[in-house]
There are 2 protein chains.
Amino acid sequence: MSKARRLHYLNKNFILAQLPPDEIESLQPAMQMARMTPEDLIFRANERVEYVYFPITAMLSWIATTSEGERVEVGVVGWEGMVGVPEMLGYSIAPFTVEVELPGDVVRIRAEVFRRTFERVSLIQNLLFRYYFTAHTQLAQSCVCNRFHTVEERMNRWLLMAHDRCDGDELALTQEILAGMIGARRPAVSIVLGNLQKAGLIRIERGRITILQREKMEESACECYRVIREAFDHFIEDYQSSVNGFHGA
Amino acid sequence: MSKARRLHYLNKNFILAQLPPDEIESLQPAMQMARMTPEDLIFRANERVEYVYFPITAMLSWIATTSEGERVEVGVVGWEGMVGVPEMLGYSIAPFTVEVELPGDVVRIRAEVFRRTFERVSLIQNLLFRYYFTAHTQLAQSCVCNRFHTVEERMNRWLLMAHDRCDGDELALTQEILAGMIGARRPAVSIVLGNLQKAGLIRIERGRITILQREKMEESACECYRVIREAFDHFIEDYQSSVNGFHGA
DNA sequence: AGGAGTCTGTTTCCCAGCGAACAGAAAAAG
DNA sequence: CTTTTTCTGTTCGCTGGGAAACAGACTCCT
């Protein structure tokens, strides 16, 4: 799916956009739009979940940490997904830390209200499970990427994934944060970013990275980007066709 | 949960053991016991799923590969779990390769029969989703482990996880395979194993590794082992108490 | 405007582990 | 028993990137 096609969903969250009107209506009172920045907390691991979140232009990340304080991102969530799935099963405790990586809008729904949606079998339920399985692929591929690929490759992948989920070509983030996302040190990231800029693929400014030549970045990214993207594309296209089958549209 | 307590489930698969009698009965005709060895194929990524598998003494692994042929395990499945979850959602295509890592017994059920279980909300369905979320934790922690931990730490973790899932203290596997599991080269594994043997924690024989001092191995393993194990323990204990609550037992 | 705080570019040292290669030992095949 | 195959132990050079440190640049605050 092209970035252009993706933009179709940028004014709304893909999952919410699939909800039948009656389900939307019942959630409406507990639903609110919010603008989130990296300072805002989404979930802290092992703490109670108050809201489930459906990003629109914001990008969230699942973060895993070690007791030594090392951090690495194990998954990203943008307009195509949501966080708070455990709520579906009646778990109120977040298994991972989730942070805002790129500022933007989200829709959030109070957890206890959202959970009621799962008291019967529904379209949204099936959709969310499918989403979760897709996220599983993302996680597995991140595993591979972390094991075998260089800082350059991992960073390239991350930038492309972020670019897919943000509005426009500018990513508002520092090199420090970027390094944290891919589990590398800042100096390594700084050098690699410098090379990309010399090659004209990106522009670096303080606290901001602008993607200039996305196509070339895709060429030089590791296969992990493609694998993950295909999984998400499949999730979206698959669901659309199943809905079309349902409604005869 | 102690290894001793775990052994309680070794004669049966934990998930199957939770099934109410009527569900067992309806699955019975499609269910069969089989002995699997590492030569047997479970799933190949992107191919059709014929059976879902519930290991008993066998240990299976989800394997991710790169196009260059590098391989790394992204998850293990033993007596506590199952493979074939996508079937629950009507996906018939395996997202990952799954292999037999340690030979042993499994129960398998023809996929199309198993799927019927999911046409209505049931206990087993909730159980399986919970299992899948636990597997998610395992995957995320593997991500961290792959990024930050040494060959020695990763190998230690793997040996402990395998030990939790096998019958007895002997693991029937070559160093080559072990290296593949943790995404390292055999020489590195060979050296680390040699050190463990010198320290008296294991015994190495051709094609076989015997765990001699499990407690000491746990001490020297990275925290990833503990995190994953706690997630699985929680899965099992949580479900048991919810069932007890249900049945008043 | 000036100073504090934050972000970025770069350098130096160092090592875990990859890649490659080979020899010996155990098992399997004949 | 001999040959072949499959494992295991070990060695060595090389490199990506971690750890630490510092200077310069930008931003924001007062």
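B:VAL106 falls short on exactly one of the conditions (1) surrounded by 18 or more Cβ atoms within 10 Å (Cβ to Cβ); (2) in contact with a helix residue (DSSP H, G or I) (Cβ under 6 Å, 6 or more places away or on another chain); (3) not in a helix (DSSP H, G or I), and that condition is (2). Across the range B:24-64, the number of residues qualifying as touching a helix residue (DSSP H, G or I) at 6+ places or on another chain (Cβ under 8 Å) and within 14 Å of chain A (Cβ to nearest Cβ) comes to 4. Considering the conditions (1) within 16 Å of DNA strand D (Cβ to nearest atom); (2) within 14 Å of chain B (Cβ to nearest Cβ), A:GLN138 is excluded by exactly one of them, (1).
Selection within the range B:175-218: residues that are at positive phi and away from every other protein chain (no Cβ under 14 Å). The member of this set that is farthest from DNA strand D (Cβ to nearest atom) is B:GLY200.
For the range B:120-133, filtered to residues that are of a type outside the set (Phe, Trp, Tyr) and more than 9 Å from chain A (Cβ to nearest Cβ), the residue that is nearest to B:MET31 (Cα to Cα) is B:ILE124. Does the range B:93-110 contain at least one residue that is facing chain A (nearest Cβ under 9 Å), out of contact with any His (no Cβ under 7 Å at 6 or more places or on another chain) and within 30 Å of A:GLU68 (Cα to Cα)? Among the residues of the range B:93-110, not one is facing chain A (nearest Cβ under 9 Å), out of contact with any His (no Cβ under 7 Å at 6 or more places or on another chain) and within 30 Å of A:GLU68 (Cα to Cα), which makes the answer no.
Taken together, the criteria place A:SER67 among residues that are among the small types (Gly, Ala, Ser), within 13 Å of another protein chain (Cβ to nearest Cβ), in contact with a helix residue (DSSP H, G or I) (Cβ under 9 Å, 6 or more places away or on another chain) and part of a loop (DSSP other than H, G, I, E, B).
Go over the candidates B:ILE15, B:ILE42, B:ILE56, B:ILE24 one by one and state the one that is aliphatic (A, V, I, L, M) and at pLDDT below 85.
Among B:ILE15, B:ILE42, B:ILE56, B:ILE24, only B:ILE24 is aliphatic (A, V, I, L, M) and at pLDDT below 85.
Selection within the range B:158-172: residues that are within 16 Å of DNA strand C (Cβ to nearest atom) and of a type in the set (A, V, I, L, M, F, W, C). The member of this set that is farthest from the other protein chains (Cβ to nearest Cβ) is B:ALA172. Tallying residues that are more than 11 Å from DNA strand C (Cβ to nearest atom), part of a strand (DSSP E or B) and over 21 Å from the mean Cα position of the chain (by Cα) within the range B:181-236 yields 2. Candidates are the residues of the range B:162-184 that are hydrophobic (A, V, I, L, M, F, W, C) and over 14 Å from B:VAL72 (Cβ atoms); the one that is surrounded by the fewest Cβ atoms within 10 Å (Cβ to Cβ) is B:ALA172. Selection of the range A:161-180 for residues being aliphatic (A, V, I, L, M) and not in a strand (DSSP E or B) yields A:MET161, A:ALA162, A:ALA172, A:LEU173, A:ILE177, A:LEU178, A:ALA179. Within the range B:165-176, is there a residue that is of a type in the set (A, V, I, L, M), touching an Asp or Glu at 6+ places or on another chain (Cβ under 6 Å) and at pLDDT 95 or above? Scanning the range B:165-176 turns up no residue that is of a type in the set (A, V, I, L, M), touching an Asp or Glu at 6+ places or on another chain (Cβ under 6 Å) and at pLDDT 95 or above. Consider A:MET155 carefully, then state whether it is touching a Leu at 6+ places or on another chain (Cβ under 9 Å) and within 14 Å of DNA strand C (Cβ to nearest atom). It is true that A:MET155 is touching a Leu at 6+ places or on another chain (Cβ under 9 Å) and within 14 Å of DNA strand C (Cβ to nearest atom).
The values are calculated or read from the model by the stated rules, or taken from the named source; none is laboratory data. Predicted model, so just to flag it, every value in this text is computed and none were measured. When we count neighbours, we look across all protein chains shown, and the Cβ atoms used for this are built from the backbone with ideal geometry, even at glycine.
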